[in-house]
Amino acid sequence: MKEITIIGDLINSAYGRARKAWRNRDLKGYQKLALSQVEWGSKFLDVNIDRTKSGDVTLKEMLEFLPELIPALQEVTSVPLCFDNPSPDFQQKALEAYDFEKSNAPIINSIAASRQQLDRFLELINEYKPYVLVVASEILKQNGDSRQCETPEDIYNASKYFVDLLREKAEIPNSKIILDPGLPPVSADTQGIVNMGLDAMKMIGGEKDFEGIHFSVGLSNFSWGTPRHMRSDFERAYLNIASAYGLDMAIANPEHNPIPLEDGHPMINRLREALEVGRPHHGLSQEETGYMQAEAILAMVNEGDDDDDF
């Protein structure tokens, strides 16, 4: 089983503490979030100060704050940062403020088929040589537009396109490329997307051309919609399963103790069985088996509510 490198995600306005720090432009509050995540074992710190459902944030506000925020975070820890925003302006401002001598290379999160100004991203990547997180769940269409991947082969092809592009245009080695095959909430995954990501990682991991590549997912997405007291075990059971397919990184809440469960924990087999039910079988369609998977997850939730030892 691979060790999972955690990219701590608490500097994100989806969390109340980060929203409060943003409202007050509270550098000490952000520093406290950084230090607590390092204490919990995070090896990178995600920096996401974008808008949320509870409040709007302009790009101008973010660009004005980054030259203060990035040095403040690096003042209290040398753990490298992960710049989480689709704007090349955001990425450039963050990279310019980042002290590469104090910390190892940061992560640009992310490039994708739907990104505007991809050439600018490539220029920044070529200049700064960061780690690069690729959203591999989106693929380019022949007309230049993008769409969501619908098969493991789509994810494979999207990954190959960006890996080749990064090597050719920015001279980025596989060891600095992180592929995100996508991870939806398991409670709502009636389309088999969890399995699609697992199968894609297996395909990619078996190719010599992808040797050294990393895989990461947004782990907190996985347990969304499940009871709070069960979310950690759902996430950790997924890590048990996905690490066997090649997953070695995750953007996660470090306070949920995002490490694989101990061998033999009942959640692992129950989740594995639920995902297997979700694969088309016995002439059933993905839509039909997808709802069977959702019912299996609901049964796990109900059992967990009744069984304190779950």
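The values are calculated or read from the model by the stated rules, or taken from the named source; none is laboratory data. These numbers were taken from a predicted model, which means no experiment stands behind them. We place every Cβ from the backbone using ideal geometry, glycine too, and count neighbours over all the protein chains shown.
Number of residues in the range 150-172 that are in a loop (DSSP other than H, G, I, E, B) and either in contact with a Gly (Cβ under 7 Å, 6 or more places away or on another chain) or aliphatic (A, V, I, L, M) (or both) equals 1. E207 meets each of the listed conditions (1) modelled with pLDDT under 95; (2) within 23 Å of A112 (Cβ to Cβ); (3) in contact with a Ser or Thr (Cβ under 7 Å, 6 or more places away or on another chain) apart from (3). Filtered by the rule that a residue be over 16 Å from the mean Cα position of the chain (by Cα), aliphatic (A, V, I, L, M) and within 23 Å of N221 (Cα to Cα), the range 144-191 gives A158, A188. Say whether the condition of being in contact with a helix residue (DSSP H, G or I) (Cβ under 9 Å, 6 or more places away or on another chain), touching a residue at least 12 places away in the same chain (Cβ under 8 Å), of a type in the set (K, R) and more than 27 Å from I7 (Cβ to Cβ) is met by at least one residue in the range 233-246. Looking through the range 233-246, none of the residues is in contact with a helix residue (DSSP H, G or I) (Cβ under 9 Å, 6 or more places away or on another chain), touching a residue at least 12 places away in the same chain (Cβ under 8 Å), of a type in the set (K, R) and more than 27 Å from I7 (Cβ to Cβ).
A quick yes/no check of all residues on (1) surrounded by fewer than 22 Cβ atoms within 10 Å (Cβ to Cβ); (2) in contact with a strand residue (DSSP E or B) (Cβ under 8 Å, 6 or more places away or on another chain); (3) in contact (Cβ under 8 Å) with a residue 24 or more places away in the chain:
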residue: A72; (1), (2), (3): yes, no, yes
residue: L81; (1), (2), (3): no, yes, yes
residue: D89; (1), (2), (3): yes, no, yes
residue: A97; (1), (2), (3): yes, no, yes
residue: E101; (1), (2), (3): yes, no, no
residue: S114; (1), (2), (3): yes, yes, yes
residue: I125; (1), (2), (3): no, yes, yes
residue: Q142; (1), (2), (3): yes, no, no
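Out of L275, L247, L261, one residue alone is within 18 Å of F215 (Cα to Cα), within 24 Å of the chain's Cα centre (by Cα), buried (at least 17 other Cβ atoms within 10 Å of the Cβ) and of a type in the set (A, V, I, L, M, F, W, C). It is L247. The residue that is nearest to I107 (Cα to Cα), counting only those in the range 218-249 that are in contact with a Phe, Trp or Tyr (Cβ under 8 Å, 6 or more places away or on another chain), among the hydrophobic types (A, V, I, L, M, F, W, C) and not in a helix (DSSP H, G or I), is M249.
Screening R231 with (1) within 19 Å of D46 (Cβ to Cβ); (2) buried (at least 21 other Cβ atoms within 10 Å of the Cβ) gives one miss only, at (2). Scanning the range 5-37 for residues that are within 18 Å of the chain's Cα centre (by Cα) and either surrounded by fewer than 22 Cβ atoms within 10 Å (Cβ to Cβ) or among the aromatic types (F, W, Y) (or both) gives T5, S13, A14, Y15.
Yes/no matrix, rows are residues, columns are (1) at positive phi; (2) in contact with a helix residue (DSSP H, G or I) (Cβ under 8 Å, 6 or more places away or on another chain):
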| site | (1), (2) |
| --- | --- |
| K2 | no, yes |
| R17 | no, yes |
| Q37 | no, yes |
| G41 | yes, yes |
| F44 | no, no |
| V47 | no, yes |
| D50 | no, yes |
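If you scan the range 105-149, which residues turn out to be of a type in the set (S, T, Y), within 23 Å of C82 (Cα to Cα) and not in a helix (DSSP H, G or I)? Reasoning before the result, please.
Residues of the range 105-149 that are of a type in the set (S, T, Y), as a first pass: 110, 114, 128, 131, 137, 146.
Narrowing the set further to residues that are within 23 Å of C82 (Cα to Cα) leaves 110, 114, 128, 131, 137.
Result: S110, S114, Y131, S137.
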